[in-house]
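The values are calculated or read from the model by the stated rules, or taken from the named source; none is laboratory data. The shown structure was predicted, so the numbers you read here are calculated from the model rather than taken from an experiment. Here the Cβ positions follow ideal geometry from the backbone for every residue, glycine too, while neighbour counts run over all protein chains shown. SASA here: full protein model, heavy atoms, side chains in, ligands and nucleic acids out. Shrake-Rupley method; radii C 1.70, N 1.55, O 1.52, S 1.80 Å.
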Amino acid sequence: MPQNTSRGYPYPLYTDPQNPPADLQALATAVNNDVAVLDAARLAALDEPTVRVGSSTAQSVNGSTVTPLTWSAASYDNAGMWNAATPTVITFTATGIYLLSTRLEVAVSGTATEVGTYTQMVTSGAFGPTPVAQSLRMSQTGPTRPDLYAIYYVAAVGETLGVSFFHDHTTAKSVGARNLTATRISIVGGLP
């Protein structure tokens, strides 16, 4: 009686009647069908909702004020998630589990009295928490570059995502080049 591998490829047992042409045809058909399923999944993954927004224009952030960062353009947006009319957020157009990342560059502080900063991804959705990057002291001689990464469940179309920045220095600080990326990695609904 023919057996199957874990991927469904048939093979004859030693005790089965020998029929090499039919056995090879059955194996070739099973491999072809399996590769077609894998290729369809690969092509579908290329169409997952993805957006990458950014800005290279410096944004001044006053001290002791939580400030949403603005984005000036989308370098990639295959699902219409960014709108220039709302430049501080992206709006999810499909539910699912997303991989989120953001990076920003805060200009050299040039002072020894810098106390601290934090950067946070902020969402309107019900699930979280959203990640926070904290720096107890900004660099006096080089830019401070907080990076954030998260996996986030978008439960409803229309949820928004943005990034806020805070510092507690008395003078304004400049946030330079920055980006935010969101890519759906699973359409599975619900969390365990």
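Looking only at region 144-168, count how many residues are assigned to a loop (DSSP other than H, G, I, E, B) and either under 21 Å from Ser64 (Cβ atoms) or without any contact (Cβ under 8 Å) to a residue 12 or more places away in the chain (or both).
Looking only at that region, the number is 2.
Among Thr88, Thr29, which is the only one that is more than 30 Å from Thr123 (Cβ to Cβ) and surrounded by 11 or more Cβ atoms within 10 Å (Cβ to Cβ)?
Criteria check complete, one pass: Thr29.
Residue check, Gly96 against (1) touching a residue at least 60 places away in the same chain (Cβ under 8 Å); (2) touching a Lys or Arg at 6+ places or on another chain (Cβ under 9 Å); (3) open to solvent by 30 Å² or more (accessible area, probe 1.4 Å), all met but one. Which one?
Single failed check for Gly96: (3).
Restricting attention to region 46-53, does a residue exist that is in a helix (DSSP H, G or I) and at pLDDT below 85?
The answer is yes, given that some residue of region 46-53 is in a helix (DSSP H, G or I) and at pLDDT below 85.
Does region 93-132 hold any residues that are modelled with pLDDT under 70 and of a type outside the set (S, T, N, Q), and which are they?
Scanning region 93-132 gives Gly110, Ala112, Glu114, Val115, Gly128, Pro129, Pro131.
Among the candidates Asp23, Asp34, Asp77, single out the residue that is surrounded by 12 or more Cβ atoms within 10 Å (Cβ to Cβ), farther than 21 Å from Phe165 by Cα, over 33 Å from the mean Cα position of the chain (by Cα) and free of Cβ contacts under 8 Å to residues at least 40 places away in the same chain.
After applying the criteria, what remains is Asp23.
Looking only at residues that are modelled with pLDDT of 90 or more and open to solvent by less than 60 Å² (accessible area, probe 1.4 Å) in region 54-64, which one is nearest to the chain's Cα centre (by Cα)?
Within region 54-64, the match that is nearest to the chain's Cα centre (by Cα) is Gly54.
Does Asp16 satisfy the criteria of being over 30 Å from Val108 (Cα atoms) and in contact with a helix residue (DSSP H, G or I) (Cβ under 9 Å, 6 or more places away or on another chain)?
yes
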